[in-house]
1. For segment 29-47: of the residues being surrounded by fewer than 14 Cβ atoms within 10 Å (Cβ to Cβ) and aliphatic (A, V, I, L, M), which is farthest from Leu12 (Cα to Cα)?
2. Identify, please: which residue in segment 1-28 is small (Gly, Ala, Ser) and modelled with pLDDT under 95 and is, among those, surrounded by the fewest Cβ atoms within 10 Å (Cβ to Cβ)?
3. Are there any pairs, at least 6 apart or on different chains, whose C-beta atoms fall under 6 Å, with the first in segment 53-80 and within 16 Å of Thr5 (Cα to Cα) and the second aromatic (Phe, Trp, Tyr) and not in a loop (DSSP other than H, G, I, E, B), and if so, which?
4. Where the second residue is surrounded by 18 or more Cβ atoms within 10 Å (Cβ to Cβ) and modelled with pLDDT of 90 or more and the first is of a type in the set (A, V, I, L, M) and lies in segment 13-26, which pairs have Cβ atoms under 7 Å and are six or more apart or on separate chains?
5. Scan segment 14-39 for residues that are within 25 Å of Leu78 (Cα to Cα) and in a loop (DSSP other than H, G, I, E, B) and jot them down.
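The values are calculated or read from the model by the stated rules, or taken from the named source; none is laboratory data. Predicted model only: the values in this text are computed from it and were never measured. All Cβ positions, even for glycine, are placed from backbone atoms using ideal geometry, and neighbour counts span all protein chains on display.
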Amino acid sequence: MNILTEIKDRALAPTPPFFQKVKKAGLIIAAIGTAVLTAPGLVPAVLLAYAGYAVTAGTVLVTISQLTVDDGAFEKLLMD
């Protein structure tokens, strides 16, 4: 199977409930980091560094959570 097709199928397959919660947490973390990075005015350098890390961590959480699928549903999707 082509790797790009498999990634597309995994991205469209149903996500388990635990990873749906992890995905929401990742979105919130990334949003807070982005808000701090784009805040007007003077923001301390340490806070900017942590905001950059938050955006990265949130993006990784969302990506991993989106590609994690329920095995039963994924196999059923592949068989169709």
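1. Step one: of segment 29-47, the residues surrounded by fewer than 14 Cβ atoms within 10 Å (Cβ to Cβ) are 31, 35, 38-47.
The next check asks that each one be aliphatic (A, V, I, L, M); those that pass are 31, 35, 39, 42-43, 45-47.
Details: Ala31: 23, Ala35: 29, Ala39: 34, Leu42: 41, Val43: 39, Ala45: 39, Val46: 38, Leu47: 36 Å.
In this case the residue turns out to be Leu42.
2. Our first condition is that a residue be small (Gly, Ala, Ser); within segment 1-28, this holds for 11, 13, 25-26.
Imposing the further condition that a residue be modelled with pLDDT under 95 reduces the set to 11, 13.
On the way: Ala11: 12, Ala13: 19.
Top of the filtered list is Ala11.
3. Qualifying pairs under 6 Å: Thr68/Phe19.
4. Pairs found: Val22/Leu61; Val22/Ser65; Ala25/Leu61.
5. Pro14, Thr15, Pro16
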